[in-house]
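In what follows, a single structure is set out as structure tokens and then discussed.
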Amino acid sequence: MEASWIVAMRLFTELKEIAPGAVLLPGFALSAALTLRDGIRVIAKEAPFRRMSTPGGLPMSVSMTNCGPLGWVTDRAGYRYSAVDPVSGRPWPAMPEGFRSLAVSAATVAGFAEFAPDACLINRYAPGAKMSPHQDKDERDMQQPIVSVSLGLPAVFQFGGLTRSETLERIPLEDCDVVVWGGPARLRYHGILPLKMGNHPVFGPYRYNLTFRAAA
Ligand code: MD6
Ligand code: FE
């Protein structure tokens, strides 16, 4: 991205530091919301949302699909990235250019100019769905950040330390908020509290979360 464009983007972007290496960009995805909704619809036709099982065999409460060269999957064999959708046996749908450019812009304003995502996990939360605290450590290059886009219903993000025992801070995430995290924050524990019921004018009774990663 051109240097003058990055300077201009920084001027107009609200940036809140959550922790060293982790920033919240409130409303950063607002201008892309309809593009993202339409993209999710197309992707879900090809690779439907499904509740995957943890290695322990329990179904996750969050429904998931992926787009891009690699997709995050879990089953009895463990957590990993796969180039094919295990349901269809075909490659994951391509990552729409509007998805990729949003993620790269967010990473760039947050100070990670070299972000090159090859995976986009799409999480869908219905009321009651949650994500227990975990670390994201299935990616090969821990120097690259993760870009996380929240869409639809609001949620409470839990944000901890580098060990499971540290207390979790609660950060409210609204529709179109983007969180970028990397560097010293990359391996912090985090989760999502059970989603409250609601209805969003664009996304209906769900919260969607797109997490972009450089997995390979
Ligand atoms: C979610 N997000 O927001 C779940 N992981 O629904 C994550 O697990 C996550 O938001 C790594 C980095 C950012 C995230
Ligand atoms: Fe995560």
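Any read-out appearing in this document is the output of simple, stated calculations on the displayed coordinates, not a laboratory observation. From a predicted model like this one, the values you see are computed outputs, not experimental measurements. Using ideal geometry, Cβ is built from the backbone for each residue, glycine included, and neighbour counts are taken over all protein chains shown.
When the residues of segment 55-73 are narrowed to those that are assigned to a loop (DSSP other than H, G, I, E, B) and touching a strand residue (DSSP E or B) at 6+ places or on another chain (Cβ under 6 Å), which ends up surrounded by the fewest Cβ atoms within 10 Å (Cβ to Cβ)?
P55
Test of understanding: among E174, E114, E169, which residue is within 16 Å of ligand 2 (Cβ to nearest atom) and surrounded by fewer than 19 Cβ atoms within 10 Å (Cβ to Cβ)? Quick ask: steps written out before the conclusion?
On the way: E174 fails: within 16 Å of ligand 2 (Cβ to nearest atom); E114 fails: within 16 Å of ligand 2 (Cβ to nearest atom).
After ruling out the rest, the residue left standing is E169.
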Subject >> Complete set of residues in segment 43-54 that are closer than 20 Å to S148 by Cα and in a helix (DSSP H, G or I) >> reply: I43, A44
Original post:
Quick check: is even one residue across segment 205-212 surrounded by 15 or more Cβ atoms within 10 Å (Cβ to Cβ), among the hydroxyl-bearing types (S, T, Y) and within 14 Å of ligand 2 (Cβ to nearest atom)?
Top reply: yes
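Considering segment 117-136 alone, what residues qualify as being within 25 Å of H200 (Cα to Cα) and crowded, with 19+ Cβ neighbours inside 10 Å? It would help to see each step written out before you state the result.
Step one: list which residues in segment 117-136 are within 25 Å of H200 (Cα to Cα), which gives 120-132.
C120, L121, I122, N123, R124, Y125, A129, M131, listed by residue number.
Looking at S31, S4, S101 in this structure, which one is free of Cβ contacts under 8 Å to residues at least 60 places away in the same chain, assigned to a helix (DSSP H, G or I), among the small types (G, A, S) and surrounded by 12 or more Cβ atoms within 10 Å (Cβ to Cβ)? Walk me through how you get there before you give the answer.
Working: S31 fails: surrounded by 12 or more Cβ atoms within 10 Å (Cβ to Cβ); S4 fails: surrounded by 12 or more Cβ atoms within 10 Å (Cβ to Cβ).
Step by step, each of S31, S4, S101 is checked, and only S101 is free of Cβ contacts under 8 Å to residues at least 60 places away in the same chain, assigned to a helix (DSSP H, G or I), among the small types (G, A, S) and surrounded by 12 or more Cβ atoms within 10 Å (Cβ to Cβ).
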Original post:
How many residues are in a loop (DSSP other than H, G, I, E, B) and surrounded by 13 or more Cβ atoms within 10 Å (Cβ to Cβ) when one looks only at segment 87-98?
Top reply: 5
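So that you can scan it fast, the table gives a plain yes or no per residue for (1) acidic (D, E); (2) touching an Asp or Glu at 6+ places or on another chain (Cβ under 6 Å):
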{"position": "P69", "(1), (2)": "no, yes"}
{"position": "S82", "(1), (2)": "no, no"}
{"position": "D85", "(1), (2)": "yes, no"}
{"position": "E97", "(1), (2)": "yes, no"}
{"position": "Y125", "(1), (2)": "no, no"}
{"position": "S148", "(1), (2)": "no, no"}
